[in-house]
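See below for the structure under consideration.
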Amino acid sequence: MSAQPEPQISSIRSLITQELQRVAVEHGRALLPLTDEIKLLESGLDSLSLAVVVIRLADSLGLDPLGSGESAASPVTFGEFVQMYESLSD
């Protein structure tokens with residue numbers, strides 16, 4: 001069963017991407033193509049939209065990396081955002 005973690009990580013990235021796209025539509029924003037290097041606040045979403053994404057991911061994944069009490073730096077890029085969730089799912 002060692003092959004299971006990789007699909008789980010892929011599905012986290014996919015879930016995050018889908019949630020960002022959903023919130024962009026709901027908030028009437030145009031989301032730029034999501035690459036690992038794109039800065040979250042330059043992706044087309046504002047801080048309120050990103051907060052909605054974090055809340056929804058906490059509900060769906062049961063992970064709240066920003067409210068975990070750990071002194072981790074807030075992610076700046078999409079890649080860092082995904083890595084933050086992937087590291088908590090291990």
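Look through region 1-42, keep the residues that are at pLDDT below 95 and in a loop (DSSP other than H, G, I, E, B), and return whichever of them is surrounded by the most Cβ atoms within 10 Å (Cβ to Cβ).
Restricting to residues being at pLDDT below 95 and in a loop (DSSP other than H, G, I, E, B), the top hit is Q4.
Determine, yes or no, whether G79 is small (G, A, S), out of contact with any Ser or Thr (no Cβ under 9 Å at 6 or more places or on another chain) and either outside any helix (DSSP H, G or I) or surrounded by 15 or more Cβ atoms within 10 Å (Cβ to Cβ) (or both).
Here the answer is no, as G79 does not meet what is asked.
Give the residue that is modelled with the lowest pLDDT, with candidates limited to residues of region 45-69 that are assigned to a loop (DSSP other than H, G, I, E, B) and within 23 Å of S11 (Cβ to Cβ).
Selected residue: S68.
The values are calculated or read from the model by the stated rules, or taken from the named source; none is laboratory data. Note that this is a predicted model, so its numbers are computed, not measured. Virtual Cβ from ideal backbone geometry, glycine too; neighbours counted across all protein chains shown.
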